[in-house]
Every structure is written in structure tokens, then in C-alpha cells.
1. Quick one: which helices (runs of 4 or more DSSP H) lie wholly within the range 243-331 and hold at least 1 residues that are farther than 17 Å from Ser72 by Cβ and open to solvent by less than 30 Å² (accessible area, probe 1.4 Å)?
2. List pairs: first residue in the range 52-78 and of a type outside the set (Asp, Glu) and open to solvent by less than 10 Å² (accessible area, probe 1.4 Å), second residue at pLDDT below 90 and in a strand (DSSP E or B) anywhere in the structure, Cβ distance under 6 angstrom, at least six positions apart or on different chains.
3. In this structure, does Phe37 turn out to be buried (at least 17 other Cβ atoms within 10 Å of the Cβ) and either at pLDDT 90 or above or over 18 Å from Arg306 (Cβ atoms) (or both)?
4. Filter the range 210-235 for residues that are over 21 Å from Glu324 (Cβ atoms) and open to solvent by 10 Å² or more (accessible area, probe 1.4 Å); which is farthest from the chain's Cα centre (by Cα)?
5. Residue pairs, Cβ under 6 Å, 6 or more apart or interchain, first in the range 98-115 and modelled with pLDDT of 90 or more, second part of a strand (DSSP E or B). List them.
6. Among (1) more than 30 Å from Ala217 (Cβ to Cβ); (2) open to solvent by less than 20 Å² (accessible area, probe 1.4 Å), there is one condition Lys88 misses while meeting the rest; what is its number?
Amino acid sequence: PGNQPCPHSHPRTCMKCGQGTAALVIRVGDPFCRGCFREYFVHKFRAMLGKNRVIFPGEKVLLAVSGGPASSAMIRQVQEGLSREAAKRLRFVPSLVYVEEGAVRRQSPEQRQQTLAQMETLLQATGFPYHLIHLEEALELPPSILQPGPERTSTSSPSGPSYKEAVDSFIQQQRQDGDSGTSLPGHSSQDRPAGPSATPRLPDAAQTQELLRSLEAAGTATAREELLELLRTHLIVQTARDRGYAKVMMGDSLTRVAIKLLTNLSLGRGAFLAVDTGFTDQRHGDVMVVRPMRDYTAKEIAFYNRFFSVPTVTVPPLFTKPREKPSIHQLVERFLLGLQEEFPSTTSTVYR
């Protein structure tokens, strides 16, 4: 009643500054106040990029956005990293891509338009150029997307070029492109500027029906989950190729990586664990996928978004038939998150 504290609560002091009252406890012995938690969150993102050093200054990077908590937090980290006040500024040129999947989630045309309008508002607010594409477009992709693009190789050393050599080579290539009249990294003519624009119209009904037939042909919920992931990934990679992006950032969190790891083992994909869950995925050759959020748990991301008002857009889950058995993806997720409630180090142990 009133402003009296709960009789069972015991306010704890922030473990970092030792002065502020803890606003959350990340793990059992790690209480943080809001200010220190924000510094911790930002530092982890910069440290992940700085430690791996695969993104060059001035390079165009495509951020894959789903509207969920992890990808929204990733956008906020990039925004803060590019600001002039940042201590160690990020120096790449970001753009955003959103794949609209309302058809396979059984949304009506009105619901799809509403979700698109919400996403476009979120994307415009970032100030970055963006692309809105529909999952139906994956059916029109050329067969060449199944072949890896030309890989950038170097004879400087058996393990590949050093970071300095790679940066020098990249800058030299950009200068040559500038001399030949091609555009330097920046807003391409096909990018949507960060300004008001009409919501893109939905695909034709025939395309939507063809996509749904393809999904129905996958007999089980597990197969449909795999097909959806495959179509989405190929669509994002092909968008990056068409627009001239060499890197794509995905918002896979530590929790999502742990779930994906056990799911892949269950599906017999153990040989692909390193590329499916690692920081970099270079299977596509000319387009590298990076996962800068893979050190954040879902709990950390949720608290960051709530404390600092990061906007998100919620979409319904993949449609399942009545009385159908859940997919392996769903079973592994329930198993891990159920263990996580009783044993807080479950996902981080699987991840390590």
C-alpha cells in the first residue's frame, strides 16, 4: 500500500559503480543500475565489432530488421555508435531491410498493411535508408542465388589478409570505383530515403497463393520453419547483392543462438554449427553475414528496450494446423527456456 517497499525486497547496490541502487540483476550476482547497465550494453556491442574487425570504415552494411526486440536493439546500438558524441564512433554506412511475411502468418490484407505501416514508421525514425520487401519475392529469385558468389581471396598469407591489408584494399577499390564513375558507399538510388512515403502495395494474390502452396508442400511444421528461414535468408542475401552491400547484420541473440544450436543438432545439421551460430557466416561468398548481438541474452535485450524506450513491432507466429505436432524448433525453445527459469546459466552454458 502507498509507497512502502515490498517487505521481502532487498535493494542491492550496483556492482560496477558501487553507488546507485540496482535496477536489474542480469545474472545471480550481477546487479546493475540503469546508467551502468547502459554502458555495459553499449560496450559489449562495440567490443564485439572491434574484436572481430570484419567491417571496414566507409563500408555499406545492410541491417536485417524483423521488428523484434533483438533487431530493434541492434538498430539503436548502430544509431548511438554513429552519433558524434560516441567515444569510438562506428564508421560504416548502414541501411535497413525488412522482409514482410504476413502471408505465411495468415494475416489478412488489412493486417499486413497495418504491420507494414508500423514498420515503415519505425524504419523512417532511424534516419537510415531502408528496403521493404515481401516474402513472395523469394519465388522470383534467380537460380544463381543457390551458388556462392565470388569470394574475395588474397595470397598475402595462408590464413588470408590482415585487417590493415583488407582495409587498404577496400579503400583502394572504392577509389577506383569513384574514378570509374560508380557510386561510393552511401544512399543508393534504389534505397528508400528516410522520409515519408506511401506504404508499398501488397503482392498479387496469385503470388501469395503460390507461396502458401509451397509452404503447404512441406509436410511438417519443422519443414515449414526450415523453408521459411531458407527463403528469408536468400531474399536478404540477394537484396544485399543487388544493392552492393558486402556485409549483412543479423539480430540473433545469445538465447536464439543457443536454441538454433540444439535445433541444428536435432535436425542432423551438426556440421554447420560453426557457420549457423558463429559471429561470421561466409558461405555466400561475396556477402558476409555477421551477428553482433550474439553475446546478449533475451533478458538483457528486453530490459534495455524497456528502460530506454526502444520501439518494437510484434508479428504473429508462423501459422500451424490444428492438432499438429509442434516443430523441433518450438520444442527446443520450450525446453531451453523452461530450464532457464530454474537454472539461469542454461543458455549461456549451451552457447559457450
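1. Ranges flagged: 254-266, 273-277.
2. none
3. So Phe37 passes the test.
4. As a first pass, look at the range 210-235 and keep what is over 21 Å from Glu324 (Cβ atoms): 210, 232-235.
If we keep only those that are open to solvent by 10 Å² or more (accessible area, probe 1.4 Å) too, we end up with 210, 232-234.
Values: Glu210: 27, Arg232: 12, Thr233: 11, His234: 14 Å.
Applying the filter and picking the extreme gives Glu210.
5. Tyr98/Val65; Tyr98/Leu132; Val99/Ile133; Glu100/His134
6. Against the list (1) more than 30 Å from Ala217 (Cβ to Cβ); (2) open to solvent by less than 20 Å² (accessible area, probe 1.4 Å), Lys88 comes up short only on (2).
The values are calculated or read from the model by the stated rules, or taken from the named source; none is laboratory data. For clarity, every value in this text was computed on a predicted model and none was experimentally measured. Ideal geometry is used to build each Cβ from the backbone, glycine not excepted, and the neighbour counts take in all protein chains shown. Just so you know, the surface numbers come from the protein's heavy atoms only, side chains and all, with ligands and any DNA or RNA stripped out. Shrake-Rupley method; radii C 1.70, N 1.55, O 1.52, S 1.80 Å.
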